[in-house]
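In what follows, a structure is listed as structure tokens, so that the remarks can point back to it.
The values are calculated or read from the model by the stated rules, or taken from the named source; none is laboratory data. Small disclaimer: the values here were computed from a predicted structure and weren't measured. All Cβ positions, even for glycine, are placed from backbone atoms using ideal geometry, and neighbour counts span all protein chains on display.
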């Protein structure tokens, strides 16, 4: 019946159905199953935590340098999903690079400076400076990612 008007009762049913459908779409679409964290962001957080744990727990300086190299490579390949996470990744990357440089200075101190007070002093100062600056940046990145990093092997 193409020319007849719809009954008022069918219009009410259609409106209710449309309102119900829109409400269902809004409820289903507003939540997210991963709490707003993308997998890339979770990978960055995991790498920052793993790097901090390596700094705290690894005793051998050469082993630590190699492990930090892997953390740095992982952070270089990752990209944050937001500008804040990307900035935190960049800061963490710089922190781990400074820390690796400090570990390299510790290795130089241990291997090369036997009996040379001036060279030993230079390497010890350089290691302390790089390790301290690296720890500050790693903690800053952790804070931006919502992580508590704390003490990093005395720094």
For segment 129-147, which residues satisfy the criterion of being surrounded by fewer than 20 Cβ atoms within 10 Å (Cβ to Cβ) and farther than 10 Å from residue 95 by Cβ?
129, 132, 143, 144, 146, 147
Taking the stated definitions as given, is residue 121 closer than 14 Å to residue 44 by Cα, at pLDDT below 90 and exposed (fewer than 14 other Cβ atoms within 10 Å of the Cβ)?
no
I'd like the full set of residues that are more than 21 Å from residue 76 (Cα to Cα) and part of a helix (DSSP H, G or I), limited to segment 46-61.
56, 57, 61
Among the residues of segment 73-92, the number that are in contact (Cβ under 8 Å) with a residue 40 or more places away in the chain and crowded, with 18+ Cβ neighbours inside 10 Å is 6
Taking the condition of being over 13 Å from the mean Cα position of the chain (by Cα) and either at positive phi or surrounded by fewer than 17 Cβ atoms within 10 Å (Cβ to Cβ) (or both), how many residues in segment 40-72 meet it?
10
